[in-house]
Structures are given as C-alpha cells and as structure tokens.
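Data first, discussion second: the structure below is written as structure tokens.
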Amino acid sequence: MLEQIDQQAQQLMWEVRQQTLQLMTKEFNVAEKTSARDLVTTVDKQNEKMIDDRLKEIDPTCRIVSEEGFGDQVNDLKGHVWIVDPIDGTMNFVMQKRNFAIMMGLYIDGKPALGYIMDVVEGTLYHGGIGKGVFANQQRLRTPANKSLADSLMVMNGYLTMNNVHGLQKAARKARGLRMYGSAGIEMIYVLTGCLGAYVSHLHPWDLAAGRVLAEELGLVVKPIDDDHLNVLSSNFVLVATKQAGQDLLNIAE
C-alpha cells in the first residue's frame, strides 16, 4: 500500500509543478500575511487546494497539515499525517521566479515515512523514504561526504545571521563560506546533494517535514539546537548537516 501511495504522490508532485509553471505565466495576486516579507499568492492557495484534495484521494484516511489553511486541525501524529508546503520560498517565487520548491512529507504514527521536494524551475523531484533510499528523479543519491564545518559551505537565514541567534555568527565564520537562498526546500536539496555541509534555520512544520525524511534516510543529522526533542508539528531552530559539521556547529552554538 505504501508503495502505491508513493508512486501516486510522485505523480501528484509533477502535476502540481505543471500547474505552477502555467500559473506563473499569468497574473496572480500577492498578499502580505504577517509582514511585507511574509507573502502568500493565489498560486500558493491553488497549489495547496490541489495537493490536499488529491492526497485525500490517494490516502483516504490521512490528515493534512498545510501552510495556507486548507488542511485539517492536527494536534497529534497518529495514523497517516501529510505535511504540505505548496510553495516554499514564496518571496523568491514572486521576486525571482526561481529558487522555490513544493514539498510534502508523510509521517506514520509520528515516524518519518516519505518525503518529496520538487525544485520547480529545475524540474527535479527529490524523493524517497525510510528504508527506500533517496532519489533525484530516478538517480539514487549517495550519503554526502562527512565534511567538517571548516571544510563546508553552510546556510543560515538573514535573521539568525544578523541577530547572532545562539551565537551562530561564530559558526558562520568557522565555515568555509556562508550562503543564503531563501527557501528551506532548496537549502535542504543542497545539503542532500553535498553542496552544503550544514543548514540552520527556524523552521515551521511544512518547512521541515519533507527534508527531514530525506536527510535522515541519507544518514545526515537533523536535530533542534534549542530543544532536546524535535517536534515536527511545532516550529524549531533546526540543524541539518553532515555528522561532523553538525557536531562542530553544536559545539559552537550557545
């Protein structure tokens, strides 16, 4: 049953990508949620409605947590719970028309099961699950080399960097270089493929769910730096990294 769900979920991701590319060629509305830096578009909403409706067909007993509010009220992770981000990196989508992703993650009784990150513009679906491996389209990914922080590029968002949250400016100085892309999905992809050694950000459930599945399947470190327990239904300061870079960063973080 899970294999069938996986195949249908992959097909759904390609269909939502096609819808997104089509909607990008037309006018769409942009609104502010909490600030001028926190945007939502009609494309976010149309994507989320399509994903949520289709997931209910693919996995009828599931519950859905989705960013723009079309999902269910979910307070626990019993059974099948999908966590959906219809456009991750909406600011990039609006301002650049690139560097954004679509993400879905399935958790079964609280445990990571399946994850999907679609790099929309590049046309690459990163997908896989626990015990299944991780793939870029049909090419299986290997676990990235276990590089140290000093031998790695790392990503932090602007807020963490400018405000030195958890003393992370010191970590940024220790890394070989610092990058910012503005999309959790794109940044996760770069860690999965070994382009980055470490990624730290304040992540909401829809930012983290898919990438966590794929990163853990590849043997990467996924853990909060502000708590002992990672709760995928809450927001956390999360580290995703190689084991060595992750340990180096945790030794620095305050």
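Some notes on this structure:
- Square roots of 5 times each gyration tensor eigenvalue, C-alpha, region 120-254, largest first, Å: 22, 16, 14
- log10 of Debye I(q)/I(0), alpha-carbon scatterers only, for region 63-138 at 0.18, 0.24 Å⁻¹: -0.78, -1.07
- Given charges at Cβ of Lys, Arg, Asp, Glu: the chain dipole, positive-most of 191, 42, 20: 191
- Volume of the convex hull of region 1-145 (Cα atoms only), normalised per residue: 129 Å³.
- Accessible area per residue, Å², region 52-109 with all protein chains present, probe 1.4 Å: 41
- By the compact-protein rule of thumb, 2.2 N^0.38 Å, the alpha-carbon radius of gyration of region 1-52 corresponds to a ratio of 1.41.
- Short to long, the 5 Å bins of the Cα pair-distance histogram for region 111-180 hold 3, 15, 16, 13, 15, 19, 16, 3, 0 percent of all pairs.
- Spatial separation of Cα centroids for region 78-145 and region 1-51, in angstrom: 13
- Calculated on alpha-carbon atoms, Rg and Dmax of the chain in Å: 17.2, 48
- Principal-axis tilt of helix 42-58 within the chain, Cα atoms, nearest 10 degrees: 70
- Under-23-angstrom lysine pairs by C-alpha in region 37-135, whenever the two are 8 or more apart or on separate chains: 9
- If you take the alpha carbon atoms of region 123-163 and fit the smallest convex hull around them, that volume is 143 Å³ per residue.
- Cα-Cα separations in region 166-207 greater than 16 Å, expressed as whole percent: 39
- Dividing the Cα radius of gyration of region 153-231 by its Kirkwood radius returns 0.93 for Rg/Rh.
The values are calculated or read from the model by the stated rules, or taken from the named source; none is laboratory data. Since the structure is predicted, the reported quantities are computational estimates derived from the model, not experimental observations. Cβ coordinates were reconstructed from backbone atoms using ideal geometry, including for glycine residues, and neighbour counts include every protein chain displayed. Surface accessibility is based on the protein's heavy atoms, side chains included, excluding ligands, DNA and RNA. Shrake-Rupley method; radii C 1.70, N 1.55, O 1.52, S 1.80 Å.
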